[in-house]
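First up is the structure itself, then whatever we jot down about it.
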Amino acid sequence: MASQNIPQCMTPDQLMTLCTAGIQSSNVGVRVNMVSILGITGSVLAKEDGTLDTLKTIGCFLLEVATKDPSLVVAGEALDALFDVFADGKEAERASVQIRLLAALKDFQPVFKMKIRKEGRAKYSPDQLCVLDNVKMNLRRFVAYQETVEKRLTT
C-alpha cells in the first residue's frame, strides 16, 4: 500500500465514522469491540501532544455510549475505555475538564449502579456481573481521581 501512495493510517474523522457505524450494530460484540478500539486509541493519544480535540471527541463519544447503550456490557466497556483514555497525560487531563467528564460521571454513577442491581442477575452471566462490579468499583475510584485533576487544573 505504501508503494502506491495509499495512506496507511486513519484520520480522526475516519476513526469516528467507523466507530459511529459500528456502535449502531445490533450485535453487542461489535459494539464492545468499537468501544475497545476507541479506548486503546485514546489511551495512546493521551500521552501525545496536540491531541486535545481528538481526545475530546473520543471522550464525548464514549460518554454517550456509556450513558445511552441499552446493554450494560457495552456501557461497562465504554466506562472502562474512558478510564483508560483519561487515566493520565496532560492532554487527557485538559480534555477531561473541557468535556466536563467529572460532572457527567457523577451524574451517571447512581444510574449505572441501579441498572446493575435491577438488570444484572436476570440478564447477565456471573462472569459478566463480575466485570460489571469491577467497572462499578473503578468508576468510584476514577471519579475521585478526576476530582483531584479538576481541582488542580481549575485553581
Name the pairs whose Cβ atoms lie under 7 Å apart, with the first residue in segment 67-81 and touching a residue at least 60 places away in the same chain (Cβ under 8 Å), the second of a type in the set (D, E, K, R), and 6 or more positions between them or separate chains? Leu72/Lys115; Leu72/Glu119
Of the residues Asp49, Asp53, only one is within 25 Å of Tyr145 (Cα to Cα), more than 12 Å from the chain's Cα centre (by Cα), outside any helix (DSSP H, G or I) and not hydrophobic (A, V, I, L, M, F, W, C); which? Asp49
Can you name the condition, by its number, that Phe112 falls short on among (1) under 12 Å from the mean Cα position of the chain (by Cα); (2) of a type in the set (A, V, I, L, M, F, W, C); (3) assigned to a helix (DSSP H, G or I)? (1)
Taking segment 79-101 and the residues there that are in contact with a Ser or Thr (Cβ under 7 Å, 6 or more places away or on another chain) and part of a helix (DSSP H, G or I), the one that is surrounded by the fewest Cβ atoms within 10 Å (Cβ to Cβ) would be Val97
If you scan segment 102-147, which residues turn out to be exposed (fewer than 12 other Cβ atoms within 10 Å of the Cβ), at pLDDT below 95 and not hydrophobic (A, V, I, L, M, F, W, C)? Arg117, Lys118, Arg121, Ser125, Pro126, Asp127
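The values are calculated or read from the model by the stated rules, or taken from the named source; none is laboratory data. Worth saying up front: this structure is predicted, and the values here are computed from it rather than measured. Positions of Cβ are backbone-derived with ideal geometry, glycine not excepted, and every protein chain shown enters the neighbour counts.
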